[in-house]
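Read-outs: derived from the displayed coordinates by stated rules, not from any lab. Keep in mind it's a predicted model, so treat the numbers as computed, not measured. Backbone-built Cβ (ideal geometry, glycine too); neighbour counts: all protein chains shown.
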Protein chains: 2
Amino acid sequence: MAKKFIKMIYADQVLWNQDGLVPAITQDALSGRVLVLAWMNREALETTVTEKRAVYWSRSRKKLWRKGEESGNILKLIELQLDCDGDAILLKVEAINGIACHTGRQSCFYKTLRGESWEVFEPVIKDPEDINP
Amino acid sequence: MAKKFIKMIYADQVLWNQDGLVPAITQDALSGRVLVLAWMNREALETTVTEKRAVYWSRSRKKLWRKGEESGNILKLIELQLDCDGDAILLKVEAINGIACHTGRQSCFYKTLRGESWEVFEPVIKDPEDINP
């Protein structure tokens, strides 16, 4: 009981939006590369802390999304940070298989603006047909 | 006219949310440190590209927010990336004065989870009374 109460303190300092969510930036703890932007509800945040791995809220599937639960591409939690306003979270992680994107790339950010259009600058590491998010 | 049309192509590939906004992660291009999570509308994105500096949409003030317009803490645009789903943007920037947070710190992410509570790990560099966001 006491533990549950204490746990609520950090989650209470997050400024959840009208849908009860907060954006969670996920960054490779070693390289600093930003891997994913996903969303968390309170349960996802508490599960991330408890299980020491990135657990998001899937807005499309409307359920907890334990990153890598099917693909094995788990993001192991190294550190968790909160911003000044409490409305954004930063996860520093270790990407177990080096792949965080469902397209089979290291990062979801693989398009860069060149002139007036987005250009893909990173090849697929693993065939996305073999990966589930 | 032609230029305006071409410019719209990259902005059209962004998946704007129901409020016409997209979350924009801002990262120091050199150190890799995540500095700010803010929001952009189409005008903010196009202005960021045109003016080569971070320009957000202030959801509280409901207007364009040229980061550093009063404080001088400008975030110079180095690179712009888009994620796989098109619903998150990553800005790599050079922080002109080394301060991106309105609290007078390098980054808005200055609290880390230690055990069950958030702990401030970064001191204020410049008195926030002297800074406007």
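Highlighted here are the strands (runs of 3 or more DSSP E) found entirely within region A:4-92 that include at least 2 residues which are closer than 24 Å to residue B:27 by Cβ: A:22-28, A:34-40, A:55-58, A:75-83.
Each row is one residue, and each column tells you yes or no for (1) exposed (fewer than 14 other Cβ atoms within 10 Å of the Cβ); (2) free of Cβ contacts under 8 Å to residues at least 24 places away in the same chain; (3) more than 9 Å from every other protein chain (Cβ to nearest Cβ); (4) of a type outside the set (S, T, N, Q).
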| position | (1), (2), (3), (4) |
| --- | --- |
| A:34 | no, no, no, yes |
| A:40 | no, no, yes, yes |
| A:44 | no, yes, yes, yes |
| A:50 | yes, yes, yes, no |
| A:53 | no, no, yes, yes |
| A:57 | no, no, yes, yes |
| A:67 | no, no, yes, yes |
| A:96 | no, no, yes, yes |
| A:103 | no, no, no, no |
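Look at residue A:112 and say whether it is β-branched (Val, Ile, Thr), closer than 21 Å to residue B:85 by Cβ and in contact with a helix residue (DSSP H, G or I) (Cβ under 7 Å, 6 or more places away or on another chain).
In short, no.
With the condition kept exactly as written, say whether any residue in region B:54-68 is β-branched (Val, Ile, Thr) and farther than 18 Å from residue A:85 by Cβ. Among the residues of region B:54-68, at least one is β-branched (Val, Ile, Thr) and farther than 18 Å from residue A:85 by Cβ, which makes the answer yes. Of A:91, A:113, all but one fail to be touching a Leu at 6+ places or on another chain (Cβ under 9 Å), within 14 Å of chain B (Cβ to nearest Cβ) and either closer than 29 Å to residue B:103 by Cβ or among the basic types (Lys, Arg) (or both); the exception is A:91. Scanning region B:105-121 for residues that are surrounded by 20 or more Cβ atoms within 10 Å (Cβ to Cβ), without any contact (Cβ under 8 Å) to a residue 40 or more places away in the chain and part of a loop (DSSP other than H, G, I, E, B) yields a count of 1.
The residues of region A:69-88 that are of a type in the set (S, T, N, Q) and within 11 Å of chain B (Cβ to nearest Cβ) amount to a single one, A:81.
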